[in-house]
Amino acid sequence: MIRQIIGSIFLLGGMFVMFVSVLGLYRFKYTLNRMHTSALADTLGTAFVIIGLMLIGLNLFHILKMFLVIVFFWLTSPVSSHLIAKAEILTNLNLEERMKEK
């Protein structure tokens, strides 16, 4: 019973993080800001949802698979976000002018 309550709290927290990230994708103007919100949803939101599912789940094999999914996301998401940001910085020549406050 207590595992299901804690798992539900993690699920709701993960859904909240993903909802805020989607709002950030629509609200922010620049690519790097949008990329930050999508990386946040990818790592933190997905981790919260999968941790909640791990707490609710009963089969040890499925719990271990979900743990490996979290490890995969936490290893690949920062690397891919960094590469996308680097590509944006290298290809957009007037990025500093666009990022200044008007």
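Restricting to the range 16-30, count the residues that are out of contact with any Leu (no Cβ under 8 Å at 6 or more places or on another chain) and under 19 Å from VAL71 (Cα atoms).
So the count comes out to 1.
Across the range 9-26, which residue is farthest from ALA47 (Cα to Cα) among those that are of a type outside the set (A, V, I, L, M, F, W, C) and touching a helix residue (DSSP H, G or I) at 6+ places or on another chain (Cβ under 8 Å)? Don't jump to the end; show me each part of the working.
So the first thing to find is which residues in the range 9-26 are of a type outside the set (A, V, I, L, M, F, W, C), and the list is 13-14, 21, 24, 26.
Within this subset, residues satisfying the condition of being touching a helix residue (DSSP H, G or I) at 6+ places or on another chain (Cβ under 8 Å) are 13-14, 21, 24.
Numbers: GLY13: 10, GLY14: 7, SER21: 14, GLY24: 19 Å.
Looking at residues that are of a type outside the set (A, V, I, L, M, F, W, C) and touching a helix residue (DSSP H, G or I) at 6+ places or on another chain (Cβ under 8 Å), I get GLY24.
If you check LEU90, LEU23, LEU60, which single one turns out to be modelled with pLDDT of 85 or more, over 29 Å from ARG3 (Cα atoms), open to solvent by 70 Å² or more (accessible area, probe 1.4 Å) and not β-branched (Val, Ile, Thr)?
Values: LEU90 fails: modelled with pLDDT of 85 or more; LEU60 fails: over 29 Å from ARG3 (Cα atoms).
Of LEU90, LEU23, LEU60, the one residue that is modelled with pLDDT of 85 or more, over 29 Å from ARG3 (Cα atoms), open to solvent by 70 Å² or more (accessible area, probe 1.4 Å) and not β-branched (Val, Ile, Thr) is LEU23.
Within the range 31-53, which residues are open to solvent by less than 70 Å² (accessible area, probe 1.4 Å) and either touching a Leu at 6+ places or on another chain (Cβ under 7 Å) or more than 19 Å from ILE84 (Cα to Cα) (or both)? Full working, then the answer.
Taking the range 31-53 as the starting set, the residues that turn out to be open to solvent by less than 70 Å² (accessible area, probe 1.4 Å) are 31-33, 35, 37-52.
Within the range 31-53, THR37, SER38, GLY45, THR46, ALA47, PHE48, VAL49, ILE50, ILE51, GLY52 meet the criteria.
Cβ-Cβ under 6 Å, sequence separation 6+ or interchain: first residue in the range 59-80 and farther than 17 Å from SER38 by Cβ, partner not hydrophobic (A, V, I, L, M, F, W, C). Which pairs?
Every condition considered, the pairs that remain are ILE63/GLY57.
Between PHE28, PHE16, which is surrounded by 14 or more Cβ atoms within 10 Å (Cβ to Cβ) and among the aromatic types (Phe, Trp, Tyr)? Talk me through it step by step, then tell me what you get.
Working: PHE16 fails: surrounded by 14 or more Cβ atoms within 10 Å (Cβ to Cβ).
Testing whether each residue is surrounded by 14 or more Cβ atoms within 10 Å (Cβ to Cβ) and among the aromatic types (Phe, Trp, Tyr) leaves just PHE28.
The values are calculated or read from the model by the stated rules, or taken from the named source; none is laboratory data. Everything numeric here is computed off the predicted structure, so don't read it as measured data. Don't worry about glycine lacking a Cβ; one is built from the backbone with ideal geometry, like all the others, and counts go over all protein chains shown. Heads up: the accessible areas ignore ligands, DNA and RNA and are worked out on the full protein's heavy atoms, side chains in. Shrake-Rupley method; radii C 1.70, N 1.55, O 1.52, S 1.80 Å.
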